[in-house]
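The values are calculated or read from the model by the stated rules, or taken from the named source; none is laboratory data. Keep in mind the model is a prediction, meaning the values are calculated, not measured. Backbone-built Cβ (ideal geometry, glycine too); neighbour counts: all protein chains shown.
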Amino acid sequence: MEVKKESSGSQILWGLLCIGSAGFLYYELTRLETSGGTMSLNIIFAMLYNLFGKNVASGILAALGLFITISGILDFKNKKKIKAIEEEENEPEFISFNDEQFEIIRKLSDEEIDYFETLDPEIRNSQIYEQYWTDFLEYENENDENWLNISRYFWKADEPFYNTLLPESFKHYQRQKFTFLNNASKGKLKIQKISGIVEKFHFEEENRVVLISELLERDLIAYCKIVDLAQESIDDIKQYQSEFFFVITNPKISSYNNELYIGENKISIEIAYAIDGLELARTLSSDKTKEKYETEILLNEPEIQNNALLSSEFGINKTRTTKTTIFGDNVITTEIVTRDSSSYVPNVKNKQLYFQTLILLMTFIQECDKSVDITRNKFYILAVENCGKIEEFTEAELQNKIFENAEECKIEFTDAELGYLVKNSVNVLKGKFAIQSDISTLYYKLFDVFKFLTTSHETYFYSLLR
């Protein structure tokens, strides 16, 4: 509007300059007629003088200046009138209920008002929440703060970013809104606010934190899209009629039997929408939230820093779980790596002592329980591959040799390596319902030699058989 004012002002200025120039021309022509000759005149003024004479030439220039000036004045008045109309149209309008005024934020057209009168969607007196998302976040572990901010935590949909206390990178992440599908089906599900000043939440169910993806699977929540009538045509909205619902966003508005009230005053949907008390939302179809899982072994070998063991079977199994989620129009894949160390044999410095002791312990077990076949056991096979068969001992010699080796093992191995030695040796007993008493007695003595801190030798011994 200011630019238009300047345009009108410059037009008036040019008009006045033309009028002033006409007066100056008349004066100059009069002076030259008195002195004789016109050669000192500007060639254009000289031509006007020769064609029309002094009065007509000055009159043409004066008339042109007068026309320009009057046009500028009229244009200025017109622009000023338009501005006054626009300012009047932009003045806020209010509607009153119970002596309280509500500003009309959305001015609806007659077509939009007619459309609302035909609607009978579900009205939800609940909050729309928002989840942050990116396709490029690498999963590290379940305690990774960035992963938690995406998979577990959420915010109110209208929460400004600067109030989220999220890292700056999240500012460019996708935001996906969601709401409850059926409040009655929530059961023991609770929305828990994270301690602190930030309005940050997560779901809990019977003191267990529940991930957002799990609730999507259970059809307790659904992704949704806020629809603005100013941006989408009513004809487009009618295509998804059954998927629409209203969410109350103004705490002064309540609903009863799917009807809206401010205090005791019943109000129409279009009035509530106009004063920004409702949001029109559309539930995204359920097939958008289906998930699939697949598991594959990435690595099936021990994690060792020195030379590899002879058999790569005996190590930590890494399992990668790939979870693919259809998120809106995007397909997101999350990879979770887990480790299984039940078959792990440490790569100890003194392999000869480790595997010889392993064979001695298994041999003792077989001597006490003839039903045990150690020759097919994976750890026995690995031990024989690494140190070969050992000489035969009587039962008394065998026990003495075991405790003799145990003293050396205390010096050579770490507590963790001693733990794996004991666990590997009892592997031959897995699946046994009853353990021979001489076997358990020997191991109880070993626990004392190795100084394993256990509340109960028996409980610890049976935990090794799992």
Open item on the list: Among the residues that make up the stretch 421-438, is at least one of them under 14 Å from TYR354 (Cβ atoms), among the basic types (Lys, Arg) and in contact with a Phe, Trp or Tyr (Cβ under 8 Å, 6 or more places away or on another chain)?
Closed with: no
- [ ] Look through THR357, THR375, THR363 and report the one residue that is in a helix (DSSP H, G or I) and farther than 19 Å from LYS445 by Cα.
- [x] THR375
TODO: Give the residue that is farthest from TYR132 (Cα to Cα), with candidates limited to residues of the stretch 189-206 that are among the hydrophobic types (A, V, I, L, M, F, W, C) and in a strand (DSSP E or B).
DONE: LEU189
TODO: Evaluate the stretch 100-107: report whether one residue or more is out of contact with any Asp or Glu (no Cβ under 9 Å at 6 or more places or on another chain), at pLDDT below 80 and either within 30 Å of LEU215 (Cβ to Cβ) or not in a strand (DSSP E or B) (or both).
DONE: no
Open item on the list: All but one of (1) at pLDDT 90 or above; (2) surrounded by 15 or more Cβ atoms within 10 Å (Cβ to Cβ); (3) assigned to a helix (DSSP H, G or I) hold for ASN386; state the number of the condition that does not hold.
Closed with: (1)
